[in-house]
1. Between Ser239 and Ala331, take the C-beta separation as r, use R0 = 41 Å, and let me know the FRET efficiency to the nearest 0.05.
2. Using the per-residue mean of other Cβ atoms lying within 10 Å as a proxy for protection, in what order, highest first, do the peptides 69-76, 54-61 fall?
3. Once phi is turned into ³J(HN,Hα) by the Karplus curve 6.51 cos²θ - 1.76 cosθ + 1.60 with θ = phi - 60°, what whole-Hz value does each residue of the stretch 71-83 show in order, with x for glycine and proline?
4. Express in nm, to one decimal, how much length is gained between Ala191 and Val118 on full extension, taking 0.36 nm for each residue of separation and deducting their alpha carbon distance.
5. Could you work out how far the C-alpha centroid of the stretch 141-197 sits from that of the stretch 278-297, in angstrom?
6. Arrange the peptides 309-319, 382-392 so that the one whose residues have, on average, the most other Cβ atoms within 10 Å appears first.
7. Sort 266-274, 324-332 by packing, meaning the average of other beta carbons within 10 Å per residue, with the highest value first.
8. Kindly give the semi-axes, whole Å and largest first, of the ellipsoid equivalent to the stretch 278-365, taking each as the square root of 5 times a Cα gyration tensor eigenvalue.
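Values in this text are rule-based calculations from the coordinates and carry no lab data. Note that the structure is predicted; figures quoted are calculated from it, not measured. Cβ atoms come from the backbone with ideal geometry, glycine included; neighbour counts cover every protein chain shown.
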Amino acid sequence: MTPGFRVVARSVPEPVAAFVRLLTSAGLLAGLRAASAAANFAALALLARLLGTEEYGRYVFWLTIAGMSTTVLTLGLPQLLTREVAAARGAGSNEGIARIVSFVVVVFAVVATALTIVIAGALLGSLFPGMLRNPVPLIFVGLLVVAGQVATVAGGLLTGYEKVLEAQLGALVSPLTLASIAGMTLWIMGAGAHAEFGLSIYLMAATAGAIASWLILRRSLRIERAWFRRPAHVWPARSWLFAGLLFAANQLLVNGITQLDILMLGALSTSSELAQYHVASRFAYLVNFMYASIGAMAAPRLARLHAAGDHCALQLELTRIARAGFLASSAGAAILLLFVGPLVATFGTGFDGAKEIVPVLLGGWVVMAVFGYGHLLLTMTGRVRWAVQLLLVATLLNLVLNALWIPSFGAMGASWASAVSVVGLGVGCAIVAIARYRMRTTVLARG
């Protein structure tokens, strides 16, 4: 009986076996991301009930500003760290790993020191009448960036070593903590809290996630002291900072596509419309988590294969992840649409309008998945400038469409603007991948 099973196993073509292994690994990661998404969903539902529609809208608006500020102040170095560690591993250079890690740590230490001075100044200014009446947003942004630096250095190292599951395990702690605190607060205090209270809960959860990520890093990798001091060779500081700023611009524009509509709704519409749209966008995030899981698994491999010059293997990997990502996105969207009504009801009254917005956002992400991971290919192979240019065009398109459609159609207009923008980004990245790399990233590519 056993030999028979061995014959069947050997008869499976290697491309099929590799595709199955990819789906299995991505499935494990998706399980962690699903747990994280479920915890996020629970936290949002609890916070919506705790704060109410109006205060929840204010909370989302401030949180979006804080998130985009964090992207700017981290200088794109977490993404640079992942790419450079993966490339150094592909080239077999331990010294290269030490150089990039020590550089990122020193830069983040300088940024953290500057933020500490700003926070202290904000606290001091609030003590004197007429100087700074409400220092909460500034303090929140500063502390969140400091906590984020610890988490992103740990996550970047783990991802660069292709320990994506461990990195996601650390990322799971923050939403679990947020859901737990929000649930206990709602049970003890009841509804009626202010947006500032929601921000303080989020900060506590982010701090817990940063500590957990660092502990997982210490347990998963053999950390060398040489990583955290300047190596014998000189850093290419200027080129790394420039590359990091490109990564920061890239991530800021990614956030612009997914969060610019939230900011514009906050400016052009009501807090109630903003709250409904944010709930709908969280459903789109739920269906997108498998697509993002496959991309996170593939990112260090794309950088390593490109650094090794193995273009055939790179094309094969792009085809595999494109098909797996589209399959996962389509299945997730279909399942979510079946249960969107009961899920929206968990947020309480005032959020029924989200049910009409969800199909539009889901459709945009599924269509974008048809065009694969062209943007990931550009960012992981040193062509961040091209990725930034494409993102800039998509963001400007999103900005114009939001300005035209939000005043007339409210949250529904914002959803259509977002869907058109993400599909346009997918098409543009696929075209550039063919023109610059002769690589086909769509689900129809031959691998």
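1. It comes out at approximately 0.45.
2. Result, highest mean first: 54-61, 69-76.
3. My calculation for the stretch 71-83 gives 4, 5, 6, 7, 6, x, 6, x, 5, 4, 4, 4, 5 Hz in order.
4. This chain segment gains 23.0 nm when fully extended.
5. 17
6. 382-392, 309-319
7. 324-332, 266-274
8. 35, 11, 8
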